[in-house]
Every structure is written in C-alpha cells, then in structure tokens.
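Take a look at the structure set out below.
Readers should treat all values here as calculations from the given coordinates under stated rules, not as data from a laboratory. All values reported here derive from a predicted model rather than from experimental measurement. Quick reminder, even Gly has a Cβ in these numbers, built from the backbone with ideal geometry, and neighbours come from all protein chains shown.
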Amino acid sequence: MRLSKSLIPTLKETPAEAQIVSHRLMLRAGMVRQMASGIYAWLPTGIKVLNKIAQIVREEQWAAGAQEVLMPTIQSADLWRESGRYDAYGKEMLRITDRHERELLYGPTNEEMITSIFRDSVKSYRDLPQNAFQIQWKFRDEVRPRFGVLRGREFYMKDGYGFDLDREGAVITYKQMMLAYMRTFQRLGITAIPMRADTGQIGGDLSHEFHILAPTGESGVFYDADFEAGDAFAHDDVEKFYEQMTTIYAATDEKHDLATWETIPEARRREGRGIEVGQIFYFGTKYSKSMNFSVNGPDGGKIFPEMGSYGIGVSRLVGAIIEAKHDEAGIIWPDAIAPFKAAILNLRQGDSVTDGLCEELYKALGQDALYDDREERAGAKFAEADLMGHPWQMIVGPRGAANRMVELKRRATGERFELPVDEALAKVHF
Ligand code: ATP
Ligand code: MG
C-alpha cells in the first residue's frame, strides 16, 4: 500500500475519549473509528490485523478437527424461547421487530442456533462426535462499552460448539480445544494463561478463561509463576498437555481458592490483572435436552449429545495484543499479525535514486509493505512507522541508495542493520 493514497488517518494528538493505551494507539494509528457507542468501523490497517488473527484462529480450529460454518447474525426469538434463554438473557440482548411484527434478535452467541442445525441433520450416534465453529459478528448491548474494541457492543468472535455422545468424549473435545487455543495464542505471538473460571450465562460445570496479562485488565487473576515459562508445555499429547495445564494453579478471582493458593510456595504466587480473550465451557446436555436434540443410539434408545462451547474474542484480541505489545512510541506488532511486515521509508521523496530503489523494494514485497511515499520530513516518517508498529522499517536515504544499501530497523528491539538490497529483503521476508 502507498501511504500517500491510503485511508490511514493517523493522529498526532492523543484522543481525549480513549482511557487506555490500546484504544489510544488504535485511534492514533488510524486502525478504527467509532461509529456509535461500542461500534467501530475497521479501516485498512485495522481489518488487515483482524483478518490475520481470524485466519490463525481458523487454521488451528481446522487442525483440531472443527468444521467451519457461517450462521446469520440475526436470529429468531422463537429459537431462544426453546432453550428458555429469550427471557433469561436480559438487556444485553438487542431485540429487533421486523415489518411483520416478528421478533428477532442480533445474536450474542449461538448455542441455540447450532443445536437446531444439528437437530435437523444429525440423527444417528454414528454421525457423532462433531465439532463446528464460525467467525462472526456478535452484538451485546453492554451497559458500559469501553476501552475501544476491548469491550465493544458489536464484536467479532470465533464461536465453536462440540457435540459428543458421552461425557468422556466431550471432555476429550474440551481438552483438544484447550490445546488448539494454546497453539493459537503461541502463533499470534502472545502468552495467554488458561484459568479456572465461572460458567455464567452459558451454564455448565467446567470452564477455563484465557487471559493476557496486562495492568489494564478487567479481571483479577491469580497464577503460579510456572506459567511464565510460556512455551515449555507438551504440545504433542493432549492428555499430557491438559494434565500439565491444570496441575499448575491459575484462577480468576471468582474461582480463586485460598486453600490451594497457600500450598504454592510464596515466591511463585503471582497476582495481577488479565484481559479475557477466550473462554471454553463443557455444559453437558443443557441445550440438547431443552431443545430436544437426540440421536438414535446403537440399541435403539435416544442419546442427548453432550455439548461444549468454545469462544475467542477475535476483535478484543487486537486491543489486548496492543496492551501487551507497545512502548512509548507506539505499537509493536508480533510478526504473524502485523498489518505489513515492513514500512519502506523514502527519506528523499522525489530523488530519482531513492524513488527507484523504494519502488523496487515495494514491488518485491507487494501487500507485505507499506510504502511511505509522502513528501514528509524524515522525522515524521520515523514517528509514524514507530506508531503503526511494523516489525521492520526499511530506511532508504540517498547515500545508501547510491550503493544499493538499505538500513533496516527492527521495531521490537531497535536494532539496526546496514544491508545490501537482497539481504534486506530476505531478512524481512524470513
Ligand atoms: P466478559 O466477561 O468480558 O464480558 P464474556 O465472558 O461475557 O466476556 P464470552 O461469552 O465468554 O464473553 O465470549 C467469548 C469471548 O468473546 C470472550 O472471552 C471475549 O474475548 C469476547 N467478548 C465478550 N464480550 C465482548 C465484548 N463486549 N467486546 C469484545 N469482545 C468480547
Ligand atoms: Mg467469558
């Protein structure tokens, strides 16, 4: 993308309405604009990040054996009356009436809808287990939308649903999903800790929330420092992985258990704040029974499938990752989800040598590069590149360009390298 012809409305001033750093940086970097309370338009760099996160989430769901579907955002009230949640859900549900006075709603989650789809199509125990997910917009009329995309009213969520024949199978699915989540977060370049959690609206008796640690997090969390080891977990064997995950203590404040806490050596006890970026639930037959979804068992009897649901806050992740990855100058994107791998900074726009070399780099990198081709001071170009957080800056000045040399700056560390064009490109493309 050429910066001179891009819809990237960066701001020099700090927007007064933004209370936390990720919201400030998303506005300042021109990623989003608020259209109504808790409702955002995603501009070109914002949607690039959102799509990259969604794609990693999707690939790890596929790898875990989940099938992708896409359900509508608008649902019928009658569907929710079947489970009894239409009245129970309360004011967070956005209720809509169409021209025929039919009651509809903008889905806050999809347990009812996926259960009705399976009820229509799946009749035999031979068809199970199955696992399906979608990545789709949700709406919850939050009392206090705040912190930008961290607590929006309209937000993008991966929601997955598992259907198993018995509790044992459903618990295996639950463990596979936890593993898929840890792989997802690892690929996103962040650490998220699975914490014992309350089940809330969804119901059920087994649940974990995944938290990114940040001082601005809305949840109080307690965890064993062993989680700081990060990647040192078994990622090959589901059972081993789950045992490892759940024998190390981590809980949200609602589930915090003092007796267990005190068995952990004091030096390893960590108390902090977390941002919930995902949650998984096992809730048994709550929806299959209330919505009368059963399959024929091997002996002719009926089996009500055992279910779980699996959410990841895709749009919340954008803000949460910035909370975890920034400095005074701006965002520091992990490589895997950066809107561009590199910015090309032309320090003398209009000079035929720097222009020529920049065009060559831009052509080689294509969609992976943002070419700052504006007639701007070098200082302004550096500041905006730092703000937007590209993993690499390719700095092209007249002296270097004459020798086909490029200066590379690594955003995360500040390291600089003087390299011939080909080596610079190879480093950025990795
Ligand atoms: P919270 O406790 O933060 O209100 P929740 O527990 O109600 O969230 P879930 O039903 O578990 O949310 O939804 C799955 C995921 O969707 C959450 O883990 C979170 O990452 C994301 N999410 C939920 N509500 C919002 C929101 N208002 N804005 C952005 N993301 C959200
Ligand atoms: Mg939750």
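Filter the cross-link list Lys91/Lys240; Lys175/Lys286; Lys158/Lys240; Lys52/Lys289; Lys48/Lys289 down to pairs whose alpha-carbon distance in this structure exceeds 30 Å. In this structure, Lys91/Lys240; Lys52/Lys289; Lys48/Lys289 exceed 30 Å between Cα atoms. Spatially, region 273-347 and region 1-57 are offset by 21 Å when compared through their Cα centroids.
Legend: residue pairs Lys5/Lys381; Lys138/Lys325; Lys12/Lys325, Cα-Cα distance threshold 22 Å; pairs beyond threshold, Lys138/Lys325. In region 9-133, Cα pairs under 8 Å separated by at least six residues give a relative contact order of 19 percent.
With q set to 0.13, 0.26 Å⁻¹, the log10 of I(q)/I(0) for region 340-428, from the Debye formula over equal scatterers at the Cα positions, is -0.33, -1.52. Between Thr14 and Gln349, the FRET efficiency estimated from the beta carbon spacing at R0 = 22 angstrom works out to 0.20. List residues of region 291-321, by number, whose backbone nitrogen lies under 19 Å from a label position 7 Å along Cα→C-beta of Ile47. Of the residues in region 291-321, 314-319 have backbone N under 19 Å from the label point off Ile47.
Label-to-label distance, Glu103 versus Ile117, with points set 7 angstrom from Cα along the beta-carbon direction: 2.4 nm. Given Cα pairs under 8 Å that are at least 6 residues apart, what percent is the relative contact order of the chain? Contact order relative to length: 17 percent. Counting Cα-Cα pairs of the chain in 20 Å increments starting at 0 gives whole-percent bin shares of 24, 50, 23, 3, 0.
Segment Asp327..Ser219, full-extension length gain: 36.6 nm, with 0.36 nm per residue of separation and the alpha-carbon distance subtracted. Modelled spin-label separation between Glu266 and Glu359, with each label point placed 7 Å from Cα along the Cα-to-Cβ direction: 6.9 nm.
The overall shape of region 246-346, judged from the alpha-carbon gyration tensor, is oblate: a/c is not under 1.5, and a/b is no greater than b/c. A Förster radius of 45 Å combined with the Cβ-Cβ distance from Glu142 to Ala426 puts the calculated FRET efficiency at roughly 0.45. Among 143-149, 191-197, the peptide with the highest mean count of other Cβ atoms within 10 Å heads the list, and the full ranking is 191-197, 143-149.
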